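Here the structure is laid out as structure tokens; the discussion comes afterwards.
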Amino acid sequence: MDKTNDQDEVQSVDVKSLLDDCIIKHTRRRSIGFFLTGDNRLEVRVPLKMSEESARATVERNRKWLLQKVGAILQARLPVRNFQDGDILFYLREPYKLKFVHGLNDYIVLTDQICINSHLQNQAEKLLTAWYRYQAGKVLVQRTLMWNARLLLKHRPVKISNASSRWGSCSNMGNINLNWRLVMAPLEIIDYVVVHELLHLEELNHSKAFWARVKEVLPDYQQRRQWLKENSHRLKL
């Protein structure tokens, strides 16, 4: 097995979903090769005579190895942020410039910029992470309650997570976790992840029945899902 990767900016994708949505490409090669594309899709190149079913079975047999290797490649693609004046950060879709200001009355103030007390610049990442988590605790929980008022599903209190490769999760105990970085995304994308996880309370899998239910609630879920895949590299510190 071999793999290649290029140096495009990484997306913070769910690696498990990446494997589930891999592209099977038939080529004249003699062996199977795993390639991570520039837009962070897993491309599985197989011999012409190999069926797609056999190719996907091979992915499953190598799932643990692929999760490790793909995750490592994605992590290596992450750019380093320096937390300087003018850095662009996102909050509920909108881009804000980072600005270090003297004499603020609080650690962080949101205006037409995200302002941080200048004497705390060396703590910028820690302060921003705490600020985003606080905002996520309000916004993500509110959107979950709003949608569940319609869906009427039983779940435990929503927890804000710091997962490195998952936007959300739902356990068979009804625990829902949502990644704080989602608060950087548009509300319609937050809603997609919220609905996705809530509906796992009905179908704890990614079966055809599950996706049909998602489509019933959000007819344009595929566009929202695609946006998240294409733009998730913006949703990070």
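Looking for whichever is surrounded by fewer than 17 Cβ atoms within 10 Å (Cβ to Cβ) and at pLDDT 95 or above here; the options are M184, M146, M173. Which one fits?
Going through M184, M146, M173 in turn, the sole match is M146.
Results for (1) charged (D, E, K, R); (2) open to solvent by 50 Å² or more (accessible area, probe 1.4 Å); (3) modelled with pLDDT under 90; (4) more than 22 Å from the chain's Cα centre (by Cα), shown as yes or no for each residue.
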position: T27; (1), (2), (3), (4): no, no, no, yes
position: G33; (1), (2), (3), (4): no, no, no, yes
position: T37; (1), (2), (3), (4): no, no, yes, no
position: R41; (1), (2), (3), (4): yes, yes, yes, no
position: P47; (1), (2), (3), (4): no, no, no, yes
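Please find, within region 176-188, the residue that is nearest to Y96 (Cα to Cα) out of those that are free of Cβ contacts under 8 Å to residues at least 60 places away in the same chain and out of contact with any strand residue (DSSP E or B) (no Cβ under 7 Å at 6 or more places or on another chain).
Here the answer is L182.
Just give me the residues in region 72-130 being surrounded by 14 or more Cβ atoms within 10 Å (Cβ to Cβ), modelled with pLDDT under 90 and part of a helix (DSSP H, G or I), in sequence order.
Once the filter is applied, which keeps residues that are surrounded by 14 or more Cβ atoms within 10 Å (Cβ to Cβ), modelled with pLDDT under 90 and part of a helix (DSSP H, G or I), region 72-130 yields I73, L74, R77.
Do the conditions hold for L140, that is, is it of a type in the set (A, V, I, L, M, F, W, C), at pLDDT 95 or above, farther than 26 Å from N40 by Cβ and part of a helix (DSSP H, G or I)?
Judged against the criteria, L140 is not a match.
Quick one: E216 ticks every box in (1) open to solvent by 60 Å² or more (accessible area, probe 1.4 Å); (2) outside any helix (DSSP H, G or I); (3) farther than 29 Å from T37 by Cβ; (4) of a type outside the set (K, R) except a single one, so which number is it?
Among (1) open to solvent by 60 Å² or more (accessible area, probe 1.4 Å); (2) outside any helix (DSSP H, G or I); (3) farther than 29 Å from T37 by Cβ; (4) of a type outside the set (K, R), E216 violates only (2).
The values are calculated or read from the model by the stated rules, or taken from the named source; none is laboratory data. Note that this is a predicted model, so its numbers are computed, not measured. Counting neighbours? That spans all protein chains shown, and the Cβs are built from the backbone with ideal geometry, glycine included. Only protein heavy atoms, including side chains, enter the accessible area calculation; ligands, DNA and RNA are left aside. Shrake-Rupley method; radii C 1.70, N 1.55, O 1.52, S 1.80 Å.
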